[in-house]
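Presented below is the structure to which this report refers.
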Amino acid sequence: MLDVTKSEEVSRQIETKGPFQILVNSAGMNRPKELVEITDEDIDAILALNVKAGFYVARAVVNGLISSGLPGSIINVSSQMGLVGSPRRTLYCASKHAIEGMTKAGLGNWSLWNTSKYSLSDVH
């Protein structure tokens, strides 16, 4: 088992067991609440799993692909909430918008390396 919210663990495990040529980045959680009811703990937990973990895993997988010279694909599983808003979903929507942005910006970064070898996509 791997706690994807722990950056060092993610890097160590993926480096040890990789390189991985396909990543489906799908970890996520939701705690539906009104904005004024959201606690700091809610913010930390949701952003740690829904946003930071996705960055940690993608970064480690991409590092492995680049160092090995292998082609690869990353699929970031988002949500329709990454495109719209919904009542009692302020924090969840913010986290899914972040994944959308990471995916769009990541495509630009990968184009610097070699677009024929890498793909990055989003699933809602």
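Just so it is clear, none of the values below were taken in a lab; they were calculated from the coordinates. This is a predicted model, so every value here is computed, not measured. We place every Cβ from the backbone using ideal geometry, glycine too, and count neighbours over all the protein chains shown.
The simple spin-label model puts a point 7 Å past each Cα toward its Cβ; for residue 80 and residue 66 those points are separated by 3.7 nm.
Using a Gaussian network model of the chain in which every pair of alpha carbons under 10 angstrom is joined by a spring, one finds that among 78, 26, 86 the greatest mean-square fluctuation is at 86. Using alpha carbons only, how many angstrom separate the centre of the stretch 25-91 from the centre of the stretch 1-24? Cα centres, the stretch 25-91 to the stretch 1-24: 15 Å.
Relative to the dominant Cα principal axis of the chain, helix 53-68 is inclined by about 10°. Over the Cα atoms of the chain, the radius of gyration divided by the Kirkwood radius equals 1.01; this is the Rg/Rh ratio.
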